[in-house]
Amino acid sequence: MTDEVQQTEEETIDYKDKYLRLLAENENVRKRLQKEKLETMRFAIENILADIIAPIDNFENALAHAKNASDDVKNWAMGFQMILTQFQEILEQNGVTPFVSEGEHFDPMKHEAVETEENDSVPEGTILKEFHQGYRCGERTIRPARVKVAKKLNKGEEAHDKPEEK
């Protein structure tokens, strides 16, 4: 009888161990699914906010040209400036912030090079001009800055471009 009791106790311990492992695994799956859901929602929100950035750029460009316009246009521009400010506040409230790139070293994770210029006054890879501002949400870049990047002067071409002296 004691062998039977001992075997039953061992089975009970085994079943309890399996049960606890399944509970732990179930909890881990629940946490992982919850984390994936939150990440999916965050990426969806960031993508929508990234889509809002292009119209904001258009507002900023239009308002920059309105400064040289008539008084009537300037009055309209004030209203559009208020709308632009609201859009910028929405981005800021959702953790989306612009970043400045001019003078920084080119980083392909943050920048998109749309132009290069040979330049020996700054180190190669330095951003000379920013055409469109970049935006990030936390550490994630949601729109890279479009920039002009310095590259080394090609010494062979430099000598080739100068007229020869005789």
Open item on the list: Just to confirm the number: angle between the C-alpha axis of helix 71-93 and the first principal axis of the chain, 0 to 90 degrees, nearest 10?
Closed with: 30 degrees
Open item on the list: On the Cα set of the chain, report Rg and Dmax in Å, please.
Closed with: 30.0, 117
Open item on the list: Along the Cα→Cβ direction, 7 angstrom out, place labels at ILE48 and HIS65. What is the inter-label distance in nm?
Closed with: 3.1 nm
Task: Compactness of the range 1-94, expressed as Rg and Dmax over alpha-carbon positions, Å - done: 30.9, 104
TODO: Would you mind checking which residues have amide H under 5 Å from GLU104's amide H? H placed 1.01 Å from N; only 5 or more apart, or other chain.
DONE: ILE127
Open item on the list: Just to check I understand the Karplus step: with θ = phi - 60° and J = 6.51 cos²θ - 1.76 cosθ + 1.60, what whole-Hz values come out for the range 102-116, glycine and proline as x?
Closed with: 4, x, 7, 7, 4, 10, x, 7, 10, 10, 10, 7, 10, 7, 10
Open item on the list: Need the list of aspartates and glutamates near LYS152 for cross-linking: C-alpha distance under 12 angstrom, and skip anything on the same chain fewer than eight residues off.
Closed with: GLU117, GLU118, ASP120, GLU124
Open item on the list: Within a 10 angstrom radius of the beta carbon, how do HIS105, HIS111, HIS132, HIS65 rank from fewest other beta carbons to most?
Closed with: HIS65, HIS105, HIS132, HIS111
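With a cap of 14 neighbouring Cβ atoms within 10 Å, and only residues DSSP puts in a loop, list the trypsin sites (Lys or Arg not before Pro) found in the range 71-158. Write down the numbers at each step before the final one.
On the way: sites: LYS74, LYS110, LYS129, ARG136, ARG140, ARG146, LYS148, LYS151, LYS152, LYS155; in loops: LYS110, LYS152.
In loop regions of the range 71-158 (DSSP not H, G, I, E or B), the sparsely surrounded trypsin sites (Lys or Arg not before Pro) are LYS152.
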Open item on the list: Of the candidates THR12, THR141, THR85, which one comes out as most mobile in a Gaussian network treatment of the chain with C-alpha springs shorter than 10 Å?
Closed with: THR12
- [ ] Grab the beta carbon distance between ARG32 and THR12, set R0 = 25 Å, and tell me the FRET efficiency rounded to 0.05.
- [x] 0.25
Task: Nearby lysines by direct alpha-carbon distance to LYS151 (threshold 27 angstrom, same-chain neighbours under 8 apart not counted) - done: LYS110, LYS129, LYS162
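Values quoted throughout were computed directly from the atomic coordinates according to the rules given, and no laboratory measurement underlies them. Predicted, not measured: the structure shown is a model, and the values here were computed from it. Cβ atoms come from the backbone with ideal geometry, glycine included; neighbour counts cover every protein chain shown.
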